[in-house]
Amino acid sequence: MAKNKSAELGIAPIGKLLISQALPASIGILVMSLNMVVDTIFVGQWIGPMAIAAITVVIPLTFLIASIGMAIGVGGASIISRALGKEDHDKAQRTFGNQIVMSLGLAVFFVIVGLIFKEEALALFGAKGKILAPAEIYYVIVMYCIPFLALCMTGNPVVRAEGKPKFAMVALILPAIGNIFFDYLFINVWDMGMAGAAWATSISYFICFLFIYWFFFSKYSELKIRLRCFKLEHAIVKEITELGGVT
């Protein structure tokens, strides 16, 4: 049985809540930021400056798609927090199910479009000349895992909405560590070049996805993944998009 931590959000002192919620989030974001710096150093050292340029072009493009998941996550988390506060667990469940369907559906759609028009998309973000070839290698591999990243960005705010910020923090730290490890393995040990860098990043997204959705199947979560909640409801979708700024 999941410990009802979400109830504490309505009764605990504000100062205590700020520290307990903000500190894990800050640590997680700090580790992610350091990972990006270390990742750039590794790629530049083992592949070369063109690899750094290629990744710099691709990452904003892929995160633009994945940010849809974040918007859906933030919008839905607001609904879920209020629903749990009212002890309306059914609405919280249905909102979470709608979030998953929305995030996955939109991410897959934009990934398909992004792969069909990959040359145009890369050119729009500045991939020209010698940068284009390594950027395309990295882009194609990473794009296939963007739905996992979008689902991570959807799930992470929901974990925090349940009052479990430490789990949300771990969800940010694990892929950062995994990315560095697989960068070393794929690039330095197996000499896979840009493909290795792309697979390291993609696997890190998948690690994050596995951890977050393991959480929702575990005893620690009040919310569970239920197929009956995957039916989109107009009122819930409208509220998620308005709160998340999707529209």
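Hey, what did the chain get for relative contact order, percent, Cα under 8 Å, at least 6 apart?
Worked out over the chain, it gives 34 percent.
Using a 1.4 angstrom probe, figure out how much accessible area the chain has per residue, in square angstrom, rounded to the nearest whole.
I get 50 Å² per residue for this part.
Between Phe217 and Gln45, take the C-beta separation as r, use R0 = 41 Å, and let me know the FRET efficiency to the nearest 0.05.
0.55
Over 24 Å between Cα atoms, which of Lys86/Lys219; Lys166/Lys231; Lys164/Lys238; Lys86/Lys238; Lys166/Lys238 qualify?
Going by Cα-Cα distance, Lys166/Lys231; Lys164/Lys238; Lys166/Lys238 fall outside the 24 Å limit.
Leaving ligands, DNA and RNA out of it, rank Lys166, Lys91 by accessible area with a 1.4 Å probe, largest first.
Values: Lys166 145, Lys91 60 Å².
From most accessible down to least: Lys166, Lys91.
Give me the extension gain from Ile27 to Glu119: residue separation times 0.36 nm, minus the current Cα-Cα distance, reported in nm with one decimal.
In short, 29.4 nm is gained.
Using DSSP to call loops (not H, G, I, E or B), can you name the GluC sites (Glu not before Pro) in segment 206-247 whose Cβ has at most 15 other Cβ atoms within 10 angstrom?
Hits after loop and neighbour filter: Glu233.
Suppose R0 equals 35 Å. What FRET efficiency, 1/(1 + (r/R0)^6) with r the Cβ-Cβ distance, do Phe230 and Leu185 give to the nearest 0.05?
The pair Phe230/Leu185 has a calculated efficiency of 0.45.
When the Cα centres of segment 99-132 and segment 46-97 are compared, how far apart do they sit, in Å?
16
Go from 0 up to the bin containing the longest alpha carbon distance in the chain, width 5 Å each, and give me the % of pairs per bin.
1, 7, 13, 17, 17, 15, 12, 8, 6, 3, 1, 0
Of the accessible area of segment 74-165, with the probe set at 1.4 angstrom, what percent is carbon plus sulfur?
Accessible surface attributable to carbon and sulfur in segment 74-165 totals 69 percent.
Given the protein chains as shown and a 1.4 Å probe, how many square angstrom of Leu124 are accessible, to the nearest 10?
140
The values are calculated or read from the model by the stated rules, or taken from the named source; none is laboratory data. Every value quoted in this text rests on a predicted model; they were computed, and no experiment measured them. As a convention, Cβ positions derive from the backbone with ideal geometry for all residues, glycine included, and neighbour counts pool all protein chains shown. Areas reflect the complete protein model, heavy atoms only, side chains present, ligands, DNA and RNA absent. Shrake-Rupley method; radii C 1.70, N 1.55, O 1.52, S 1.80 Å.
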